Amino acid sequence: MKPRDALRAFAGYVRANPTSLVKAATDATRLRFGIPIRALSWAATQSKPQKNAPKDIELVPTPPALTFSASVDAMGTPIRVSASIRIEDVYIAPDAVRIAIRLRDVSLALLAESDSPVAMLIKSGVLDLSKPGNVVKVLPKRPAAIVDAGGDRIVVDLLKIPALAKNERFRRILSVVSPVVGIRAIETDGEHLYVTLRATPSGLREAVNAAMQR
């Protein structure tokens with residue numbers, strides 16, 4: 001996505017919703033920041049196509065969650081995936097960035113007739129889609145970033161992703177920011193995805209020390 005296109009989309013949204021700036025300013029005084037769902041949907045359609053990347057992405061607010069659906073290639077089997085995603089908790093520290101996710105109303109639908117193992121699993125109905133965490137928990141090659149799973153809950157630690165764990169700049173920002181700023185909630189309403197921050201003034205000294213050490 002080109003910056004000029006992003007700015008044009010933002011300007012178009014503001015023109016169509018002139019009161020959005022006033023609301024954004026009011027929300028900011030409460031450390032609450034909203035991103036229009038329509039802007040997220042537009043951004044998803046503008047990304048450069050990658051091999052095996054999700055296609056035909058749709059984002060629909062289902063407060064406080066966000067329903068995501070997309071067409072994907074699962075080991076050569078084209079399927080349509082849909083799920084209601086809710087960010088239950090976010091924990092940020094210098095040595096961990098853990099995000100607890102609730103996945104509900106998960107559905108898998110074949111987009112074409114197939115006799116692949118994935119298609120057989122979907123057709124048989126043996127997968128308990130009401131508890132995707134249990135499925136993830138027993139995966140033989142579960143991604144290292146998934147540190148816990150069970151029921152409809154999956155916990156991801158971003159610092160278990162090698163590229164982020166080895167990124168000194170990212171780690172430096174975490175050590176300075178995490179003592180004073182956290183994330184209280186991530187949720188949707190009918191039109192926006194809201195991120196509400198948590199300020200911790202008592203951690204200012206730790207943040208300053210971390211900045212000076214770097």
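None of the figures in this text is laboratory data; all of them are computed from the coordinates on show. Owing to the predicted nature of the structure, the values given are computational and were not obtained by experimental measurement. Glycine also receives a Cβ, built like all others from the backbone with ideal geometry; neighbour counts cover every protein chain displayed.
List the helices (runs of 4 or more DSSP H) that sit entirely inside segment 145-214 and contain at least 2 residues that are within 14 Å of Val90 (Cβ to Cβ).
Output list reads 168-177.
Has segment 66-83 got any residue that is more than 21 Å from Ala145 (Cβ to Cβ), touching a residue at least 40 places away in the same chain (Cβ under 8 Å) and outside any strand (DSSP E or B)?
Yes, there is a match, as at least one residue in segment 66-83 is more than 21 Å from Ala145 (Cβ to Cβ), touching a residue at least 40 places away in the same chain (Cβ under 8 Å) and outside any strand (DSSP E or B).
Pick from Ala149, Ala165: which is in contact with a helix residue (DSSP H, G or I) (Cβ under 9 Å, 6 or more places away or on another chain) and either among the β-branched types (Val, Ile, Thr) or in contact (Cβ under 8 Å) with a residue 12 or more places away in the chain (or both)?
One residue alone meets the criteria, Ala149.
Taking interchain pairs and intrachain pairs at least six residues apart, which have beta carbon atoms under 8 angstrom, with the first residue in segment 14-43 and in contact (Cβ under 8 Å) with a residue 24 or more places away in the chain and the second of a type in the set (Lys, Arg) and in a helix (DSSP H, G or I)?
Matching pairs, first to second residue: Gly34/Lys23.
Quick check on segment 102-126: of everything there that is more than 19 Å from Gly151 (Cα to Cα) and of a type in the set (S, T, N, Q), which residue is surrounded by the most Cβ atoms within 10 Å (Cβ to Cβ)?
Ser114
Name the residues in segment 195-208 that are surrounded by 13 or more Cβ atoms within 10 Å (Cβ to Cβ) and free of Cβ contacts under 8 Å to residues at least 24 places away in the same chain, would you?
Residues satisfying the conditions are Thr200, Val208.
For Gly34, indicate whether it is surrounded by 15 or more Cβ atoms within 10 Å (Cβ to Cβ) and out of contact with any Lys or Arg (no Cβ under 6 Å at 6 or more places or on another chain).
Answer is yes for this residue.
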